[in-house]
Amino acid sequence: MRALEELDLAAKRVFIRADLNVPLDAAGCITDATRIVATLPTIRYVLEHGGLPIVASHLGRPKGGPAPELSLRPVADYLRRALDVPVELAPNCVGDAVESLIARQRPGQVVVLENLRFHPEEEKNDPVFAERLARLADVYVDDAFGAAHRAHASTAGMARFFRDKAAGFLLRREIDVLQRLLVAPARPFVAVLGGAKVSDKIGVL
């Protein structure tokens with residue numbers, strides 16, 4: 001996958017697959033925005049180079065359909081404040097209403113798609129769903145390091161529909177660090193594994 005700087009983004013719709021799976025409290029407020037902050041450089045770069053960022057992510061684990069408490073609205077609100085540009089939350093992540101919303105936007109604005117996992121097809125890497133996502137954009141950017149290992153429609157399936165695709169700044173930075181650790185780590189070293197999903201890490205352990 002190419003570097004983002006290699007692509008012409010002017011007047012292009014740029015699909016940014018981010019990992020914005022942030023923790024929310026009972027009132028729906030973000031309690032740790034680290035993951036949002038980490039992908040801001042990629043979104044800003046697209047804006048500064050004349051593109052329309054279309055930001056997509058999952059949030060939590062909805063059970064087979066929409067769950068209002070897992071809406072990406074708090075994320076869209078955070079991005080609006082952080083970027084100081086108009087940010088629209090789409091009513092869905094695919095469909096005619098979403099395509100119409102995107103068509104009305106102009107460079108300098110941001111669209112946040114609603115939670116990808118509101119559609120079971122996302123985690124099934126359904127090719128029809130992947131094509132519907134791909135229809136929304138001209139360029140694909142993967143900046144979701146935390147979800148890059150998952151063969152889902154937005155992380156694997158839709159990329160094949162794009163000629164212009166690139167790794168975002170966060171993804172590239174994380175891969176660079178991993179390569180240094182795997183190829184020529186400074187010794188001695190200590191590995192610290194964290195996170196809530198032990199099943200994702202048991203193979204490494």
Handout entry: Kirkwood Rh and Cα Rg combined as Rg/Rh, the chain
Key = 0.96
Handout entry: Hz values of 3J(HN,Hα) by residue in the stretch 97-103 - Karplus curve (6.51, -1.76, 1.60), Gly and Pro given as x
Key = 5, 5, 4, 5, 4, 5, 5
Handout entry: Among Pro41, Leu24, Val111 the positive-end extreme of the charge dipole of the stretch 2-200 (Cβ point charges)
Key = Pro41
Problem - Listed peptides 109-117, 10-18 by packing density, highest first (mean Cβ within 10 Å) - result: 109-117, 10-18
Problem - Whole-Hz couplings from phi, Karplus 6.51/-1.76/1.60, listed for the stretch 124-137; x for Gly and Pro - result: 8, 6, 5, x, 5, 5, 4, 5, 5, 5, 4, 4, 7, 9
Handout entry: Built amide H within the under 5 Å cut-off of Ala148, gap 5+
Key = none
Practice task
Let me know the charge dipole size of the chain about its Cα centre in debye, to the nearest 20, where only the beta-carbon of Lys, Arg (+1) and Asp, Glu (-1) is charged.
Solution key: 340 debye
Handout entry: Dipole-positive endmost among Leu170, Ala3, Pro185 within the chain (Cβ charges, Cα centre)
Key = Pro185
Handout entry: the chain: angle of helix 73-83 to the longest principal axis, Cα-based, in degrees nearest 10
Key = 90 degrees
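Taken together, the values in this text are just the output of simple stated rules run on the coordinates, not laboratory data. Computed from a predicted model, the values in this text were never measured in an experiment. Every residue, glycine as well, gets a Cβ built from its backbone with ideal geometry; the counts of neighbours run over all protein chains shown.
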